[in-house]
Each structure stands twice: as structure tokens, then as C-alpha cells.
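The values are calculated or read from the model by the stated rules, or taken from the named source; none is laboratory data. For clarity, every value in this text was computed on a predicted model and none was experimentally measured. Reconstructed Cβ throughout: ideal geometry from the backbone, glycine too, with neighbour counts over all protein chains shown.
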Amino acid sequence: MSTAITHGGPQLPQERRLVTEIPGPRSRELFARKQSAVPSGIGITLPVFVTHAGGGVIVDADGNSLIDFGSGIAVTNVGNAAPRVVERVQKQVADFTHTCFMVAPYESYVAVCEKLNALTPGDHEKRTFLVNSGAEAVENAVKVARHATGRQAVVVFDHGYHGRTLLTMTLTAKSMPYKHGFGPFAPEVYRVPLAYPFRWPTGPDNCAEEAAAQAIDMINKQIGAENVAAVLIEPIAGEGGFIEPARGFLPKIVEFCRANGIVFIADEVQTGFARTGHMFACEDEGIVPDIITTAKGIAGGLPLAAVTGRADLLDHVHSGGLGGTYGGNPLACEAALGVLETIEQDRLVERARHIGEIMLPRLRAIQEHNPIVGDVRGRGAMIAVELVVPGTKDPYPAAEIARRCHEQGLLVLTAGTYGNVLRFLPPLVIPDHLLEEGLSILEKALNVG
Ligand code: PLZ
């Protein structure tokens, strides 16, 4: 190993450095151990084993330094081992590690909830409670909506992703790999069309109106609006392929919910915490959700998630009706406070916009001369390209291009209902030169013709 690394975090050399093939011998050895110890159901995108990470790089067990366009799936928005997070967590782990907030509470939990109540869209009276994962947040949002409305039906959208537990897997659109063989599914879940501009049959121009009309008609005719507890949507569909619903679609759905006493839940698990160039993606169209679910970017990698929403809805649930052993663990709460300070003090909302301003023009330039790039889209540091077989809209497999990037030391993720989307979620603290270098690797990897 060329460099003796003692810490992760932003002080790691911000460079791509390949000293072995990817994955290298040490990673391959560890991968073989993984194969005999961990079930094959746990798939791995890039089998390099990590020892350090920070800023825009991930360092592996062979001493390779890779450019990170994944942020652990939109989690390390503030960077890995971000200094304010490290400092707070280190202090907390020495003070106390757990009491269970429901047994004997502590201030940091309340401070995180206060911050989320203030930062999420809308200046109405809000409440927040904390859980461990995005799926758990979504499940709890549905529980609250059902309790408060006395209704059962939940409406979700094509291409939606909400988790892997029984209810959230049911709420998720895609069968393989998320649902296949795992049924029967939870009852009272209904799916309606999403305004997907690139694939809307009549083209992008009327997409918002037509999709909203179809969705609302299905709700009225097939479920009955008066039976619907909640409409649940990601403001940008994440796993589904970074699909930004055509502008105007979300406001129409919200308006319908308001008119019919339906709780509008925005799942901002992937889009939250400065990722899209807003603190929350809903802000882009001025959407104020009744309930918003957050996770991932909230705590820089420590397991934490939140349900934030109208006080009248959240306070509807009886005492003891919500909770869990670890929800709002003190280490995760301290991490969240460190994350929120970092986003604010290092102006990471602006930084996300800056990343979009670097990435989008370069990707559009690639699209001009490379016909496998069918669509370039996204906001801030949540950017994707949808790949097609040239001259058609038939999906071109993104995994093949991702593998070519990985070999060159650029970690990219795939997504999409059709598996043909490359998505880019760099840490918001990635230096510009690594963004540019990553884009150059991608440009070459896309040359398959
Ligand atoms: N809602 C919008 O993106 C998690 C899934 C990774 P958890 N997305 C990454 C995988 O393949 O399991 C996600 C999301 C949205 C909910 C979730 C679920 O969040 O923290 O993974 O439970």
C-alpha cells in the first residue's frame, strides 16, 4: 500500500488512484469470504472492500482510491466521516450509547425533531418522530394516515420505491428483485400512473395533465376517494430511475388530496437533505406535504429516519401507538445535528446546485453525439442518464456501462424500472476536479458503438 492512511473524512487525498485491477486481490479474497458467510440475496454493486472514505473518494483494502458518485445511495451528502458528525458521535459514544427514548429521553432527539419541523416545507404546526430506516418511516407514515383518517386505502405510483418490508415492498412498484417470490402482499395498496415525460405515450408536453387525470380517475372509479387514507409519492422517483414527474403533476395530485381529505405523503428518503439543490425536493414546485418521510442523508450514514407532519395528524395517534427500541438512537441524533450544521454552514444546498450545473451540461453534450443516451435529467446532485438502444427507446442495460466505470475507479449506481438508468449521487462535498474526471471516465465508458 502506497500511503499509510489513518483517517477517513475530507482530509483523505482527493484523487483517483488505481494501484491494482478493480477489484484487487485483497478485495477478491474478502469477497470469497462474503460468498460463504452472507446469503446471495444480498447483492453487491462493486465488490471492493472499503477501509476509508471521505470527500469525494472511497479507499479500498488494496489501496485503490475510487471516485464516489454514489454516496452510499444518497446517504453521505455531507461526505463520509464529516468532521462535525465525527466530533459529535465520538463525544456521545463516550457519554452514553442508549437508553431508549421511550424509556428515558434525551435532548438531542427533541433537537432533531425541532429542526425537522422547522426545515421541512410549510410553516404550519408540525410534529416529528424518529425511527431507524426509510422503510420504517414510510410504514409509520401510513399507520398515522390510516389512524387519523379512519380509512384504509393507500395510493402509490408506477416506478415508485418505498422499501423492502412487507408493507413497503407492497408499496414498491418493481417485481424483480424487490417482490419476486415474497408474496402475498399487504392489502389495500393501489397503483396509479406517474407522469414520466420520457416514456409518456403521447409525448412529454401533455404528460402532467394526462397522467394526473388518469391517476385521479382511477382513484375515483376503482377505489373511491372517500376510502383513501393516503397518497404516497417520491417527488423524484429514485430507484425507479430518477424520474422527475412532469411539472404540474404533483400540484394537481396535491390539490385532489386536499379536496378529498386524503393525506398527501412525500417520500423524501432519497431526495432529502440538500441533495436536489433544495433542502427537500418538494420545494421545487412549492409542494407542502401533510407528512414527509426522511432517512438516508439525515445522519451521514448512522441509521436514522423521521416522520414529520401536521401536528393534528401525528398527535391523533394514542400514547404508546408509535415507537421502537432504537428509533432516534442518541448516536444517530448527534450525527443528524452534525449533518444539519454542516449543510447550513458549508452551504451545501448551493453546492448541490453547483454540482448540477457542472454535470448536466456535460451530460447533455455527451447526449448530442452518443445515441445510447436517450435522456439526461435530474436536479442538483441527483442526476441520471437513461440509456436506450440507438434509434429506439428500448432499454440499454446500465449495468454494462456501470461495470466499465467501476473498472476505471468510478463508482456509479444503476436504477430504473427497466434497469437502463445510470444515476449519479456524489457527496455534496466532492471537489470539482473529481466530478470532471468522473464525467470523463463516464464519457469513455458510454462509447460502446
Ligand atoms: N423510500 C424513496 O429510496 C431506499 C434502497 C436500497 P431504507 N432506497 C435505497 C436497496 O436496494 O435496498 C428508499 C428510498 C425511498 C424508502 C426507501 C427505503 O429506505 O432505509 O432502505 O429502508
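Just to be sure before I move on: is Ala215 more than 16 Å from the ligand (Cβ to nearest atom) and among the small types (Gly, Ala, Ser) in the structure I sent? So Ala215 fits the description; yes.
Taking region 94-103 as the range and being surrounded by 12 or more Cβ atoms within 10 Å (Cβ to Cβ) and either hydroxyl-bearing (Ser, Thr, Tyr) or in contact with a Gly (Cβ under 8 Å, 6 or more places away or on another chain) (or both) as the test, the residues that pass are Thr99, Phe101, Met102. One residue is enough: does region 351-368 have a residue meeting the conditions more than 27 Å from Leu428 (Cβ to Cβ) and free of Cβ contacts under 8 Å to residues at least 24 places away in the same chain? Yes, because at least one residue in region 351-368 is more than 27 Å from Leu428 (Cβ to Cβ) and free of Cβ contacts under 8 Å to residues at least 24 places away in the same chain. Quick check: is even one residue across region 171-184 of a type in the set (Phe, Trp, Tyr) and away from the ligand (no atom under 12 Å from the Cβ)? Within region 171-184, one or more residues are of a type in the set (Phe, Trp, Tyr) and away from the ligand (no atom under 12 Å from the Cβ). When restricted to residues that are over 21 Å from Asn64 (Cβ atoms) and exposed (fewer than 15 other Cβ atoms within 10 Å of the Cβ), region 400-445 contains 2. What is the one condition in (1) closer than 20 Å to Gln270 by Cα; (2) in a helix (DSSP H, G or I) that Glu400 does not satisfy? Condition not satisfied by Glu400: (1). All conditions in (1) touching a Gly at 6+ places or on another chain (Cβ under 9 Å); (2) more than 27 Å from His354 (Cβ to Cβ); (3) within 16 Å of the ligand (Cβ to nearest atom) hold for Arg310, with the sole exception of (3). The criterion of being surrounded by 20 or more Cβ atoms within 10 Å (Cβ to Cβ) and within 12 Å of the ligand (Cβ to nearest atom) holds for Ile265.
Conditions tested, residue by residue: (1) assigned to a helix (DSSP H, G or I); (2) surrounded by 12 or more Cβ atoms within 10 Å (Cβ to Cβ); (3) touching a strand residue (DSSP E or B) at 6+ places or on another chain (Cβ under 8 Å); (4) not hydroxyl-bearing (Ser, Thr, Tyr).
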{"site": "Asn80", "(1), (2), (3), (4)": "no, yes, yes, yes"}
{"site": "Arg84", "(1), (2), (3), (4)": "yes, yes, no, yes"}
{"site": "Gln92", "(1), (2), (3), (4)": "yes, yes, no, yes"}
{"site": "Pro105", "(1), (2), (3), (4)": "no, yes, no, yes"}
{"site": "Val112", "(1), (2), (3), (4)": "yes, yes, yes, yes"}
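Looking only at region 29-48, residues that are part of a loop (DSSP other than H, G, I, E, B) and without any contact (Cβ under 8 Å) to a residue 24 or more places away in the chain come to 6 in all. Residues that are among the charged types (D, E, K, R) and within 16 Å of the ligand (Cβ to nearest atom) were ranked within region 237-262; the one that is nearest to Lys143 (Cα to Cα) is Glu239. Scanning region 114-151 for residues that are closer than 17 Å to Gly328 by Cβ, surrounded by fewer than 20 Cβ atoms within 10 Å (Cβ to Cβ) and of a type in the set (Asp, Glu) turns up just one, Glu114. Take Ala208 and decide whether it is in a helix (DSSP H, G or I), more than 18 Å from Ala384 (Cα to Cα) and out of contact with any His (no Cβ under 6 Å at 6 or more places or on another chain). For Ala208, the condition - in a helix (DSSP H, G or I), more than 18 Å from Ala384 (Cα to Cα) and out of contact with any His (no Cβ under 6 Å at 6 or more places or on another chain) - is met. Could you please let me know if Phe185 is touching a helix residue (DSSP H, G or I) at 6+ places or on another chain (Cβ under 7 Å), aromatic (Phe, Trp, Tyr) and at pLDDT 95 or above? In short, yes.
Taking region 175-201 as the range and being in contact with a Ser or Thr (Cβ under 8 Å, 6 or more places away or on another chain) and under 24 Å from Ile216 (Cα atoms) as the test, the residues that pass are Phe185, Ala186, Val189. Go through (1) assigned to a loop (DSSP other than H, G, I, E, B); (2) surrounded by 24 or more Cβ atoms within 10 Å (Cβ to Cβ); (3) in contact with a Ser or Thr (Cβ under 6 Å, 6 or more places away or on another chain) one by one and return the number of the condition Thr276 breaks. Only one criterion in (1) assigned to a loop (DSSP other than H, G, I, E, B); (2) surrounded by 24 or more Cβ atoms within 10 Å (Cβ to Cβ); (3) in contact with a Ser or Thr (Cβ under 6 Å, 6 or more places away or on another chain) is unmet by Thr276, namely (3).
Candidates are the residues of region 153-170 that are within 13 Å of the ligand (Cβ to nearest atom) and in a loop (DSSP other than H, G, I, E, B); the one that is farthest from Leu194 (Cα to Cα) is Thr165. Scanning region 405-449 for residues that are within 14 Å of the chain's Cα centre (by Cα), on the phi < 0 side of the Ramachandran plot and not aliphatic (A, V, I, L, M) yields Thr414, Arg423, Phe424, Pro426, Pro427. When region 62-78 is limited to residues that are in contact with a Ser or Thr (Cβ under 9 Å, 6 or more places away or on another chain) and assigned to a loop (DSSP other than H, G, I, E, B), the one that is farthest from the ligand (Cβ to nearest atom) turns out to be Gly63. Just one residue in the set Ile233, Ile223 is under 17 Å from Ala153 (Cβ atoms), within 16 Å of the ligand (Cβ to nearest atom) and in contact (Cβ under 8 Å) with a residue 60 or more places away in the chain; that residue is Ile233.
Residue count for region 136-147, restricted to those that are touching a residue at least 60 places away in the same chain (Cβ under 8 Å) and touching a helix residue (DSSP H, G or I) at 6+ places or on another chain (Cβ under 8 Å): 4.
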